[in-house]
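J.: What follows is a single structure, and I will ask about it in a moment.
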Amino acid sequence: MIPLILFVLLGLTILVLFEVRARKEAASASDFATEPAASADDSGCCGQHLVCERETLLQTNAEIVYYDDEELDTLAGINYADYTPQQEQMIREVFQTMQGKDVPGWCRSLQLRNIQLPLDVREEALLIVRERRKK
């Protein structure tokens, strides 16, 4: 009887560990950025997001602003890892025409539209946002 109870407890422990791991992976996948990018003028911002929650995610009037990129709406809901080379190029072309001051707003717009950036474009966007926060 005791070995059966131990076996059941072991199974439950493994099940709980897998559930915790799955939730952590899902949470990290939903974060747009995980690297801190705070500066002195970010008072109240945790710095854990590409664009500050204080300015975007907490707004009640989350209005989508387009940056002459309506064609990117075809990518809504698609994981960036599943993009074709043509889809990645489409995002890069829009990003390369962006002015630095528009990048944070563009990233907010993409988040609201459920469009993911490829990793290389995301890293470049993070660099631009960090530089703009330092100013």
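The values are calculated or read from the model by the stated rules, or taken from the named source; none is laboratory data. This structure is a prediction, so every number in the text was calculated from the model and none was measured. For neighbour counting, all protein chains shown are included, and Cβ atoms are generated from backbone atoms with ideal geometry for every residue, glycine included.
J.: When the residues of region 108-125 are narrowed to those that are among the hydrophobic types (A, V, I, L, M, F, W, C) and crowded, with 17+ Cβ neighbours inside 10 Å, which ends up farthest from residue 72 (Cα to Cα)? Step through it out loud before you land on a result.
T.: Kept after step one, since they are among the hydrophobic types (A, V, I, L, M, F, W, C), are these residues of region 108-125: 110, 112, 115, 117, 119, 121, 125.
Now narrow it down to the ones that are crowded, with 17+ Cβ neighbours inside 10 Å: 110, 115, 117, 121, 125.
Values: 110: 9, 115: 8, 117: 10, 121: 14, 125: 16 Å.
Per the stated criteria, the residue is 125.
J.: Mind listing whichever residues of region 70-79 are surrounded by fewer than 17 Cβ atoms within 10 Å (Cβ to Cβ) and either among the hydroxyl-bearing types (Ser, Thr, Tyr) or in a helix (DSSP H, G or I) (or both)?
T.: So the first thing to find is which residues in region 70-79 are surrounded by fewer than 17 Cβ atoms within 10 Å (Cβ to Cβ), and the list is 70-71, 73-74, 76-79.
Passing the criteria: 70, 71, 73, 74.
J.: Looking only at region 31-39, decide whether some residue is part of a helix (DSSP H, G or I), modelled with pLDDT under 70, in contact with a Ser or Thr (Cβ under 9 Å, 6 or more places away or on another chain) and hydroxyl-bearing (Ser, Thr, Tyr).
T.: The first filter runs over region 31-39 and keeps only residues part of a helix (DSSP H, G or I), leaving none.
Scanning region 31-39 turns up no residue that is part of a helix (DSSP H, G or I), modelled with pLDDT under 70, in contact with a Ser or Thr (Cβ under 9 Å, 6 or more places away or on another chain) and hydroxyl-bearing (Ser, Thr, Tyr).
J.: Find all pairs meeting these conditions: Cβ atoms under 7 angstrom apart; at least six residues apart or on different chains; first residue within region 80-107 and surrounded by 12 or more Cβ atoms within 10 Å (Cβ to Cβ); second residue part of a helix (DSSP H, G or I) and aromatic (Phe, Trp, Tyr).
T.: From region 80-107, the pairs are 98/106.
J.: Here is a further query. Name the residue that is nearest to residue 69 (Cα to Cα), counting only residues in region 82-99 that are of a type in the set (S, T, N, Q) and outside any helix (DSSP H, G or I).
T.: Within region 82-99, the subset of a type in the set (S, T, N, Q) is 84, 86-87, 89, 96-97, 99.
If we keep only those that are outside any helix (DSSP H, G or I) as well, we get 84, 97, 99.
Numbers: 84: 18, 97: 10, 99: 14 Å.
Result: 97.
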